[in-house]
1. In region 70-86, how many are within 10 Å of LYS45 (Cα to Cα), under 12 Å from the mean Cα position of the chain (by Cα) and in a loop (DSSP other than H, G, I, E, B)?
2. Hey, LYS67 hits all of (1) out of contact with any Cys (no Cβ under 6 Å at 6 or more places or on another chain); (2) outside any loop (DSSP other than H, G, I, E, B); (3) modelled with pLDDT of 95 or more but one; which does it fall short on?
3. Being within 14 Å of ligand 1 (Cβ to nearest atom) and touching a Leu at 6+ places or on another chain (Cβ under 7 Å) is the filter here; which residues of region 36-68 pass it?
Amino acid sequence: MSFVLPILSAGCKILAMALFKTEKKAPKAGTAGKWDVVIGEDMCKACGFCMSVCPVPVFEYRTVTNKIGWFPMYVKHEENCIGCMLCYQICPDFCIDVAVRDEGRSTARVEQGHALN
Ligand code: SF4
Ligand code: SF4
């Protein structure tokens, strides 16, 4: 039985790594500077998932709270976005939208919430 615990422990570790991968992925060959990234900051619960999965520096935490009392994420460096959509897919509160920039006019939409500044 002594071999069961190490096997279970290794299994749990692999599962945790798959679910909460902390290392940054290498950016794919997307084109930066062509994407609008919008966060509904009033809905953000500051979980940090978007920042964790983003392969390039785009997100940062605000130093003031939103309406629900969290320090929300905001888009600090939109110009770095390569449109991989990982943040859009992982946000548990549907706060993020990413869309191709339409000649200077944003096509990204988030139904509720808005930037704080
Ligand atoms: S789509 Fe989201 S995760 Fe991907 S590069 Fe842009 S901001 Fe980062
Ligand atoms: S994943 Fe969504 S809820 Fe979490 S910090 Fe990012 S925007 Fe906020």
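1. 1
2. Every condition holds for LYS67 apart from (2).
3. VAL53, CYS54
Yes/no matrix, rows are residues, columns are (1) among the acidic types (Asp, Glu); (2) within 16 Å of ligand 2 (Cβ to nearest atom); (3) at pLDDT below 95; (4) more than 21 Å from VAL110 (Cβ to Cβ):
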| site | (1), (2), (3), (4) |
| --- | --- |
| SER9 | no, no, yes, yes |
| LYS21 | no, yes, yes, yes |
| VAL37 | no, yes, no, no |
| VAL75 | no, yes, no, no |
| MET85 | no, yes, no, no |
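The values are calculated or read from the model by the stated rules, or taken from the named source; none is laboratory data. From a predicted model like this one, the values you see are computed outputs, not experimental measurements. No Cβ is skipped: glycine too gets one built from the backbone with ideal geometry, and neighbour counts run over all protein chains shown.
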